[in-house]
Amino acid sequence: MFRHSFMLGLALLAASASHAQSPAQSPAQFTPQSIAPVTASALDKETGPLSLPAAISLALEQNKTLAAARKEIEAADATLLQAGARPNPEFSALIEDTRKSSRTTTYQINQPIELGGKRSARIEAAQRARDMAVLDYAAKRSELRAAVVAAYYEVMVATERQRLARELLELAGTSAAMTQRRVMAGKISPVEQTKAQVARSAAQLEFNQANSELSLARQKLAMSWGATVGRQPLSDEGVESLPPLPAIAQLTEKVANGPAVRLARLEVERRRALASIETSKRTPDVSLTLGNKRDESNARNMWVVGVSVPIPVFDSNQGNELEALKRVDIARDALALTELQMQGEAAQAFERLRNAREEATALRSDIVPAAQSAYQAARTGFELGKFGYLDVLDAQRTYFQAKAQYWKALSAAFQAAADLDRLAGTETPPAE
């Protein structure tokens with residue numbers, strides 16, 4: 001009796017393995033080699049100042065957000081694997097009458113068979129979710145790369161500001177000493193000495209503020225790879241090289257296929273797949289039954305074959321299907337909004353980059369050299385007794401403001417370029 005039941009169960013399972021569902025697609029395995037960042041072996045050889053490529057590699061290797069995104073891909077692989085699983089068979093035993101002479105024992109195996117494309121719809125939805133996880137990982141890499149570029153140049157700008165503040169502090173100290181000697185010699189009024197001391201105090205405050213800004217900028221950069229404090233000096237190669245201005249047509253095309261837009265498109269496809277799952281549920285599944293029945297009163301075995309089908313009279317899954325279709329419409333609206341927002345952000349970043357480039361170029365080529373020349377001339381004239389200290393102080397302030405404005409424009413240019421890279425999902429192009 002058990003032998004008959006066991007043989008029939010094997011036959012049922014063999015038949016159900018090739019039923020009317022499409023075969024499961026093996027989930028695309030997540031290979032860290034395909035999208036993993038550069039390993040830290042190259043960073044171990046970094047002996048001098050930290051370069052921008054090394055900072056990017058360090059962040060991509062050790063950033064916790066990227067690590068979580070990689071694990072999300074692995075979780076999506078598991079979801080895809082589970083989506084292709086078929087329903088398990090069910091074994092049941094039934095005994096009628098407890099008296100041995102008239103007892104009837106039935107052993108049977110029930111195998112549900114999914115119809116309506118339920119399994120293929122689940123696989124499709126899980127595949128779209130995995131595609132979104134992979135694209136989200138790539139988008140986070142792009143965002144992190146852009147953030148590291150912006151933070152790196154923020155440190156460089158803060159370093160230059162500190163150097164300028166130190167230089168101005170030294171000049172203010174020299175001017176104060178010169179003023180003191182001239183006052184002691186009776187050549188100028190003691191009021192000039194007071195002004196020089198006030199200027200020196202202001203320069204000291206400016207230097208202290210520059211030190212604080214540099215410390216905060218280094219901390220922000222170090223946080224991108226999970227450190228709390230960054231003390232390693234940065235390479236100053238190309239620090240004053242402006243980022244290139246991309247062609248507007250190419251930029252528009254790249255942003256239209258950027259990470260945010262592609263994620264929104266995949267969300268529409270995923271919602272469609274989920275709607276297909278709800279649609280497939282309107283088709284009832286079939287359960288096949290195969291077993292063996294032993295009749296003790298007649299001393300014989302009998303085959304048991306059956307089919308059961310739910311009758312969708314009260315619940316045809318219309319509510320869930322309608323909800324899924326509405327969520328497809330919501331995803332389409334979100335896609336249109338995302339496309340519009342990305343193009344708007346790209347246009348704003350493009351204008352910021354163009355304005356910053358023009359401002360930095362004008363300051364570097366004309367304004368800063370003229371202010372520096374005027375300051376040097378005023379300082380030389382003051383040493384020769386031809387100018388008053390007030391003239392030197394005004395020239396010094398003008399030179400400092402022009403230089404600070406130049407570094408502010410340079411930082412704004414790199415911030416805008418990093419935003420464009422993030423929106424387009426591309427790596428930062430080399431500076432010109």
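The values are calculated or read from the model by the stated rules, or taken from the named source; none is laboratory data. Predicted, not measured: the structure shown is a model, and the values here were computed from it. Here the Cβ is made from the backbone with ideal geometry for all residues, glycine too, and neighbour counts use every protein chain on show. What goes into the accessible areas is simple: the full protein's heavy atoms, side chains included, and nothing from ligands, DNA or RNA. Shrake-Rupley method; radii C 1.70, N 1.55, O 1.52, S 1.80 Å.
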(message) Pairs please, first residue from region 51-72 and under 24 Å from Met132 (Cβ atoms) and in contact (Cβ under 8 Å) with a residue 60 or more places away in the chain, second anywhere and assigned to a helix (DSSP H, G or I) and among the charged types (D, E, K, R), Cβ atoms under 7 Å, 6+ apart in sequence or on different chains.
(response) Leu60/Arg141; Thr65/Lys140; Leu66/Lys140; Leu66/Arg141; Ala69/Asp136; Ala69/Lys140
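So if I check each of Gln162, Gln108, which one is crowded, with 17+ Cβ neighbours inside 10 Å and either aromatic (Phe, Trp, Tyr) or over 30 Å from Trp407 (Cβ atoms) (or both)?
Unique residue meeting the criteria: Gln108.
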(message) Looking only at residues that are free of Cβ contacts under 8 Å to residues at least 60 places away in the same chain and aliphatic (A, V, I, L, M) in region 73-88, which one is nearest to Asn110 (Cα to Cα)?
(response) Ala83
(request) Kindly establish whether Arg294 is modelled with pLDDT of 90 or more and surrounded by 12 or more Cβ atoms within 10 Å (Cβ to Cβ). (result) no
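How many residues are in a loop (DSSP other than H, G, I, E, B) and either in contact with a helix residue (DSSP H, G or I) (Cβ under 9 Å, 6 or more places away or on another chain) or not β-branched (Val, Ile, Thr) (or both) if we restrict to region 87-110? Lay out the reasoning, then the answer.
If we filter region 87-110 for residues that are in a loop (DSSP other than H, G, I, E, B), which is where we start, we get 87-89, 97-103.
Filter once more, keeping what is either in contact with a helix residue (DSSP H, G or I) (Cβ under 9 Å, 6 or more places away or on another chain) or not β-branched (Val, Ile, Thr) (or both): 87-89, 97, 99-103.
Here the count works out to 9.
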(request) Provide a single number: the residues in region 172-197 that are among the aliphatic types (A, V, I, L, M), over 18 Å from Tyr399 (Cβ atoms) and surrounded by 13 or more Cβ atoms within 10 Å (Cβ to Cβ). (result) 2
(message) Any residue at all in region 354-369 that's under 26 Å from the mean Cα position of the chain (by Cα) and open to solvent by 80 Å² or more (accessible area, probe 1.4 Å)?
(response) yes
(request) Looking only at region 311-331, decide whether some residue is open to solvent by 40 Å² or more (accessible area, probe 1.4 Å), within 21 Å of Pro87 (Cα to Cα) and out of contact with any Gly (no Cβ under 6 Å at 6 or more places or on another chain). (result) yes
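Kindly indicate whether Glu61 is in a helix (DSSP H, G or I), farther than 30 Å from Ile123 by Cα, of a type in the set (D, E, K, R) and at pLDDT 85 or above. If you could, list the steps in order and put the result at the bottom.
Details: in a helix (DSSP H, G or I): yes; farther than 30 Å from Ile123 by Cα: yes; of a type in the set (D, E, K, R): yes; at pLDDT 85 or above: yes.
So Glu61 passes the test.
Is it the case that some residue within region 219-228 is in a helix (DSSP H, G or I) and open to solvent by less than 70 Å² (accessible area, probe 1.4 Å)?
Yes, the conditions are met somewhere in region 219-228.
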(request) Search region 315-334 for residues that are without any contact (Cβ under 8 Å) to a residue 40 or more places away in the chain and pair each with any residue that is outside any helix (DSSP H, G or I) when their beta-carbon atoms are under 6 Å apart and the residues are at least 6 apart or on different chains. (result) Ser316/Arg282; Asn317/Lys281; Asn317/Arg282
